[in-house]
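Please read the structure below before turning to the comments.
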Amino acid sequence: MKAHIAAAAPRAYYYGVTDGRAALLEVLNGFGITASAIAPGQLVRTVAQLDEPCAAAPVSGPAESLLLLDGVDGPALQALLAALRAREVSVDYKAVVTPHNRSWTVLELMEELKRERQAIREAQKQ
């Protein structure tokens, strides 16, 4: 008999989403994605630690918002992004959890996304 290993259920983590939070959660729920807010104290934790209990002192966080998706890719990711656009959910930065960024803190990830966006803007000017 073959052992069956269930894939982890898709998860989403969000930070700084105020306007449109209800719509964001409705869309994620519609895709069967469990969502958790990232508290300011979790910004200094690694992406891999987001599900662990947090006793970190609150820190001052960035003004930008973040949607971090874990276990969502390919056609499901494209459908999810289209659904968010259709509901006019605005999130400054969107990313997926990768083996590479799991060891980054949430703040480090947001800074990298900010640098990438700036590089794209600069390249478009040329």
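Tell me, yes or no, whether segment 48-57 has at least one residue that is surrounded by fewer than 18 Cβ atoms within 10 Å (Cβ to Cβ) and not in a loop (DSSP other than H, G, I, E, B).
Yes: one or more hits.
Which pairs do you get when a residue that is over 13 Å from Q49 (Cα atoms), found in segment 88-110, comes within reach of a residue that is modelled with pLDDT of 95 or more and polar (S, T, N, Q), reach meaning Cβ atoms under 8 angstrom, with the pair 6+ apart or on two chains?
That search, which allows pairs on different chains as well, returns S90/S65; V91/S65; D92/S65; Y93/S65; A95/N101; L109/N101.
Quick grid of which residues meet (1) of a type in the set (D, E, K, R); (2) assigned to a strand (DSSP E or B):
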residue	(1), (2)
A76	no, no
R85	yes, no
K94	yes, yes
K114	yes, no
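Give segment 64-74 a look and list any residue that's outside any loop (DSSP other than H, G, I, E, B) and in contact with a helix residue (DSSP H, G or I) (Cβ under 9 Å, 6 or more places away or on another chain), or say none.
L66, L67, L68, L69, D70
On the basis of being of a type in the set (A, V, I, L, M, F, W, C), assigned to a helix (DSSP H, G or I) and under 20 Å from P10 (Cβ atoms), does L81 make the cut?
Yes; evaluated as a whole, the condition is true for this residue.
Restricted to segment 66-119, and to residues that are of a type in the set (V, I, T) and touching a Phe, Trp or Tyr at 6+ places or on another chain (Cβ under 9 Å), which residue is nearest to F31 (Cα to Cα)?
Result: V72.
Quick one: how many residues across segment 80-101 are over 21 Å from K114 (Cα atoms) and either touching a strand residue (DSSP E or B) at 6+ places or on another chain (Cβ under 9 Å) or surrounded by 12 or more Cβ atoms within 10 Å (Cβ to Cβ) (or both)?
3
The values are calculated or read from the model by the stated rules, or taken from the named source; none is laboratory data. These numbers were taken from a predicted model, which means no experiment stands behind them. Cβ atoms come from the backbone with ideal geometry, glycine included; neighbour counts cover every protein chain shown.
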